[in-house]
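Working notes, structure below.
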Amino acid sequence: MKERPLLSVNTERPTRDQAALSIDVEDWFHAENMASAIGREAWAGCELRVERNTMRMLEILDKGKARATFFVLGWVAEKCPQLVRAISAEGHEVASHGYGHDLIYTLRPSEFRMDVLRSKSYLEDLTGEPVYGYRAPCFSITEWAIPILKELGFRYDSSCFPTVAHDRYGRLTGMEVDTPIVSLGDSFYEVCIPCIQLGQWGLPWGGGGYFRLLPYWLWCQGMRKILRSGRPYVFYIHPWEIDPGQPRLKEVAVAYQFRHRVNLHRCEKRFAALVGAFAWMPLCDLVDCWESACSRELPQGLPS
Ligand SMILES: [Zn+2]
């Protein structure tokens, strides 16, 4: 497939705080840290815990009157269709996390297209609503995937993590540490995961293991710093991160065990506190706000 260059059109900044919340709906055995111990063929035999954990997150969001985006793995949707319907019925955005949790750069473009289409079509059948958002497994977004996402009718991707701090993340050209949302042309947007600039590096400040590792007060301070700068903020978490009772596999290397399990026992309380501490919206609303703010500002020639 011929690669098309990405277009970085504008980065105008809306003025009020904008925090979006996202949940990558997969089970404990889908996490890449478990891949060395649990192959794809073993998934069907693993204890399914995602439904209970996601329902618990829905309760927390309901209590905090927060709406979120749920990037649902197609594999999970097929096992738990009632869960996807419940997410949609609560007024949250249902988006796609692909089907089989393969890192994009390990697939051929045709395989990627099939994986994403299978998940998107199934989610749309379940909810009766169009699926506009995509998040790549392990943020493994790759340049050639963007035209495919556009062609399949997605409106945004939220997989770019402009940091050098992780071995599995993909890259998109033109995304810098302080890049918030970038138009890639054709009314398609890249919604980046936030980082905090530290020297020349981007310190990941979006969620996951970093949220569990750092002190809660420091996390909130970083979030406020990002929001005060006029950038939107995007948080992500997985249902298995509030589940300290999930199986512990001794075959998994110590470093991966640490990444996967650090502070799992504290995470539900922290997540509930975070939901209550900020005003949250789903990513589709964040993209809408961004788009309308840019269209208001551009004719007046007010670049930030
Ligand atoms: Zn994932």
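The values are calculated or read from the model by the stated rules, or taken from the named source; none is laboratory data. This structure is a prediction, so every number in the text was calculated from the model and none was measured. Cβ coordinates were reconstructed from backbone atoms using ideal geometry, including for glycine residues, and neighbour counts include every protein chain displayed. To get the accessible areas, we keep the full protein, side chains included, count just its heavy atoms, and leave off ligands, DNA and RNA. Shrake-Rupley method; radii C 1.70, N 1.55, O 1.52, S 1.80 Å.
Within the chain, what whole-number % of the accessible surface is contributed by carbon and sulfur, with the 1.4 Å probe and all protein chains included in the calculation?
On the chain, the fraction of accessible area on carbon and sulfur atoms equals 53 percent.
Hey, can you rank 222-231, 178-187, 22-31, 137-146 by average C-beta count inside 10 Å, highest first? Kindly include the intermediate steps, with their values, before the conclusion.
Values: 222-231: 16.2, 178-187: 18.9, 22-31: 25.4, 137-146: 21.8.
Taking the mean over residues of other Cβ atoms within 10 Å, the ranking is 22-31, 137-146, 178-187, 222-231.
Given the DSSP H assignment, sum -39500 (n - 2.57) over each helix run of at least 4 residues in the chain and divide by its residue total; what's the result at 222 nm in deg cm²/dmol, nearest 500? Provide the component values of the computation, followed by the final result.
Details: 10 runs with 111 residues, N = 304.
When only DSSP H runs of four or more count, the value is -11000 deg cm²/dmol.
What is the antiparallel percent of DSSP beta bridges lying wholly in the chain, to the nearest 5?
25 percent
Suppose all protein chains stay in the model; what accessible area per residue would a 1.4 Å probe give for the range 18-168, in Å²?
For the range 18-168, the solvent-accessible area averages 36 Å² per residue.
Any of LYS79/LYS150; LYS120/LYS269; LYS120/LYS150 with alpha carbons more than 22 Å apart? Name them for me.
LYS79/LYS150; LYS120/LYS269
What does the extension gain come out to for LEU203 and ASP17, with contour length at 0.36 nm per residue minus their alpha carbon separation? Display every interim value, and only then the final one.
Details: separation 186, 0.36 × 186 = 66.96 nm, distance 2.06 nm.
Full extension of this stretch gives 64.9 nm more.
What does the extension gain come out to for ALA255 and GLU47, with contour length at 0.36 nm per residue minus their alpha carbon separation?
Working: separation 208, 0.36 × 208 = 74.88 nm, distance 2.32 nm.
Here the answer is 72.6 nm.
May I ask you to list the trypsin sites (Lys or Arg not before Pro) in the range 52-145 that are in a DSSP loop and have at most 12 other Cβ atoms within 10 Å of their Cβ?
LYS65
Gaussian network model of the chain, Cα springs within a sub-10 Å range: biggest mean-square fluctuation belongs to which of ALA44, ALA86, ALA66?
ALA44
About its Cα centre, how strong a charge dipole does the range 19-300 have in debye, to the nearest 20, once Lys and Arg get +1 and Asp and Glu get -1 at the Cβ? It would help to have the intermediate numbers written out before the result.
Working: 31 positive and 34 negative charges, 201 e Å.
Roughly 960 debye, rounded to the nearest 20.
Label ASP178 and SER295 with points 7 Å out from Cα along Cα→Cβ: what is the distance between them in nm?
Going by the 7 Å Cα→Cβ label model, 2.8 nm.
How about the range 240-273: which trypsin sites (Lys or Arg not before Pro) there are in a DSSP loop, with at most 13 other Cβ atoms within 10 Å of their Cβ? Write down the numbers at each step before the final one.
Working: sites: ARG248, LYS250, ARG259, ARG261, ARG266, LYS269, ARG270; in loops: ARG248, LYS250.
When the trypsin sites (Lys or Arg not before Pro) of the range 240-273 are filtered for loop state and at most 13 Cβ neighbours within 10 Å, ARG248, LYS250 remain.
ALA37 to VAL262: extension gain in nm, 0.36 nm per residue of separation minus the Cα-Cα distance? It would help to have the intermediate numbers written out before the result.
On the way: separation 225, 0.36 × 225 = 81.00 nm, distance 1.83 nm.
Taking ALA37 through VAL262 to full extension adds about 79.2 nm, to one decimal.
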